[in-house]
Structures are given as structure tokens and as C-alpha cells.
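Remarks on the structure that follows.
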Amino acid sequence: MLFNRMNIGGTEYYVLNLARALKRLGVHVGIAAHSGPLTAEFLKYDIPVHLFPPNAKHSEMVSMLTKTIKTKSYQLIHAHDTLSYRLTASLLRISKVTSVLTVHGRYHGVPPLLEAAKGANKIIVVTQRLQAWVRSLNIPASKVVHIPIGIDTVRFSPQSRVQCRRKLAIPQGWEVTAYASRFDGDKYPIARKVISAGEVVALKREKSIFVLAGPGAYRKHLIKQAETANRRIGRRAIIVKPAVRQIQFLYGAADVIVATGTVANEAMSCGKTIIAAGVKGYFGIVTPSNLKESLSNQFGDHGGKDPVTAAKLARDIGRVLSNQQWAKELGAMGRKMTVHRYSVNNVSRRIRSLYIQTVKKGNT
């Protein structure tokens, strides 16, 4: 599997969970990427890691991959982001290698995706909305298959709120709203709106706090915004933290989670109420009535009718915090749905079958 860097993020954790599940099914999986915070995590699970040299040129990475594929006898490569699409396209120009791409969102570079798709054997899309988008790029329908994100439903499971808050030094007896994401690019404006909503909610609810956690260059700007809001509130109600490695503890500590993409899937697996706010739109509180549409749009990352606003966030956060019994019911719904439809064990079996079929066809 190829991706850019071992960062703490939704795609990277998905690859880690998928690699572990495939390994349990007897598939030998290796990872090629630049080093990062998750490198040790892959190594801990005895997953071979082939690191690109720091500041390596494109040609150097292609050369390294060509040698690694040959010496380690890899039968297939699976690319997960823009850099890996570029590398795959270059590999396909110089050798006949069986390849699969996964499209995680519309944020990927379209030219590299199209170049890699020309020679790729299969293209996995994680939502039905993405399937339509990929088809609109004139990629042959026969190559495209919808397989959803797989969630480790053991790691991401309901946990003790008291213990999770103790682990993260979050006060007991307070209402906690959490938001975890990248603090850069298209996700940064959402984080700003979460802070603005947090100020509105915290002024009305004296025991309410907001915890935002994630990597990204704009975290320092969010810290300044939070400090300004806290001065107006008169207490430290909004906390901006670096990425939490054991993110399941943040989910477990929260009463409600503002989420998008993979984070929403993970938090639902933990039995938490979700407020879906993505880069393409707002779905609000995820309930039985909007669950299907929220899922098909990856909780607003791949599509949505309404824009995300601080006012909508504040309104919906207040509704959830004011009705804890309803929140528990919604959390139970999310957990049941995730185990049934998005367990990484089920997803990995589908991907393993796809690998086997693809390799067989590639050899005929």
C-alpha cells in the first residue's frame, strides 16, 4: 500500500486498520510512505514499512518502489492519495504491475488520479457519491467498485466516559463537545466555526467545554481564536490540542462529537451522537431520518445541501446536550449500524477478494 506520509489522519489510520485486518486473513501487506508519527504504530504490528528517503525526488521514489516490488515479491500495489497516484502512474509506464486505487474524497488531484486510472486494474470509492464523481471523470464504470471505509469496531467501541476523561485530563461532570480533524486546507474553516459555536454555547451553559484536536499548520491560529473567545466567556471553555494518538479516548470522553469523514464513522462506532459538518455541506444531528444521506455523502465531505455555520452548530449542539437520553439512543443506533455495515473485518474480506480476482486477471 502506498500513501504520502505516516501522519495521524483518517486515511492513514484506515490503511493501518485495513493492513492489520488483511494480515489476519493471510495477506502479506507492506507499506511505502514517508516517515511520520504513525511509523512506529505500523512497526508495532509487524507490518513491513518501506520508507521514502527524506526530500526524495519523484524518480528516486519510483526507483525505490520498483526495486522493493521486485525484491519483496509484491503482487499488487494499492494507492491511497495524490502522491501515490503519481507514483503508480510512473510505475505503470515502466512495468506491468497490478494496481488498485482507493479514492477517499474529492480533494485528490484529478490529473494524477486520471493518469493512474488509465492503467489501474480497479478503483475503489468509499461512498456512492464518490462513485458518481469518479464516473463523471470518464473513468470506465467496469473499473469502479464501491467499498466503504472499514472501522476497527473493537478499538472504536463504547468506553467508560470517566476513564477516558481521566486519561486526557478532561474535567469530570462537565458537558464535553469534541471535534477532531486536520487543522489545514479545507477543514480549517470548519474548526473556526466550531470555536465560534463553542463560544455561543459556553455563554449559555456554564459547565460546557469544547475540545478540538488535530494536526496542521493552522492550529496556532485556532489557539489564538480560542483564547479570544475564552476571554469573552470568562473561563477556559474552548481547548485546542495537538492530534490525540489514541483518538478513541477523546470520543469516549465526549457527550457529542462534531465530525466529518472517517472521524464520524469512528465516533459512531464508539456509540456517540454525531453532528455532521463537512467541507461540502452540513447534515446536522445524525438521526434515523438522515442517516442514509449522511453516509452516502461521508457526513458532508462529499456533498451536502446546506453550508456549515456557527449558528447551526450551536443550535444542534445545544439540542443534544439538553437531551442526554436522546443522545444515548442515537449513539446506540450508530454503533449498531457501524458494526453491521462498516466493520473493517467485513471490508477487508471484500478487499482481499478484489485483490485475488485482480491479480488472477492480471496474470491471464
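The values are calculated or read from the model by the stated rules, or taken from the named source; none is laboratory data. All values derive from a computational prediction rather than experimental measurement. Positions of Cβ are backbone-derived with ideal geometry, glycine not excepted, and every protein chain shown enters the neighbour counts. Note: areas computed on protein heavy atoms with side chains; ligands, DNA, RNA excluded. Shrake-Rupley method; radii C 1.70, N 1.55, O 1.52, S 1.80 Å.
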Practice prompt. Just need a number here: residues in segment 272-299 that are assigned to a loop (DSSP other than H, G, I, E, B), buried (at least 22 other Cβ atoms within 10 Å of the Cβ) and either of a type in the set (Ser, Thr, Tyr) or at pLDDT 95 or above (or both).
Written response: 2
Worksheet item: In the list His108, His104, which residue meets the criterion of being within 20 Å of the chain's Cα centre (by Cα) and at pLDDT below 90?
Response: His108
Worksheet item: Does segment 99-145 hold any residues that are of a type in the set (Ser, Thr, Tyr) and either farther than 22 Å from Arg352 by Cα or open to solvent by 60 Å² or more (accessible area, probe 1.4 Å) (or both), and which are they?
Response: Tyr107, Ser136, Ser142
Worksheet item: Among Lys272, Lys292, Lys280, Lys305, which is under 21 Å from the mean Cα position of the chain (by Cα) and without any contact (Cβ under 8 Å) to a residue 40 or more places away in the chain?
Response: Lys292
Worksheet entry | Count - residues of segment 1-23 that are over 21 Å from Thr88 (Cβ atoms), open to solvent by 60 Å² or more (accessible area, probe 1.4 Å) and in contact (Cβ under 8 Å) with a residue 60 or more places away in the chain | 0
Discussion item. For segment 24-35, give me each residue that is touching a strand residue (DSSP E or B) at 6+ places or on another chain (Cβ under 8 Å) and surrounded by 17 or more Cβ atoms within 10 Å (Cβ to Cβ).
Written reply: Gly30, Ile31, Ala32, Ala33, His34
Discussion item. Can you list the helices (runs of 4 or more DSSP H) lying wholly within segment 162-259 that have 2 or more residues being open to solvent by 10 Å² or more (accessible area, probe 1.4 Å) and among the basic types (Lys, Arg)?
Written reply: 188-204, 219-233
Practice prompt. Check off (1) assigned to a loop (DSSP other than H, G, I, E, B); (2) closer than 23 Å to Tyr13 by Cβ for Val308 and give me the number that stays unchecked.
Written response: (2)
Item to complete: Report yes if some residue within segment 44-55 is over 22 Å from Ala117 (Cα atoms), aliphatic (A, V, I, L, M) and either in contact with a Phe, Trp or Tyr (Cβ under 8 Å, 6 or more places away or on another chain) or in a helix (DSSP H, G or I) (or both); otherwise report no.
Response: yes
Response to the item:
Restricted to segment 80-98 and to residues being touching a residue at least 40 places away in the same chain (Cβ under 8 Å) and crowded, with 19+ Cβ neighbours inside 10 Å, the residue nearest to Lys280 (Cα to Cα) is Asp81
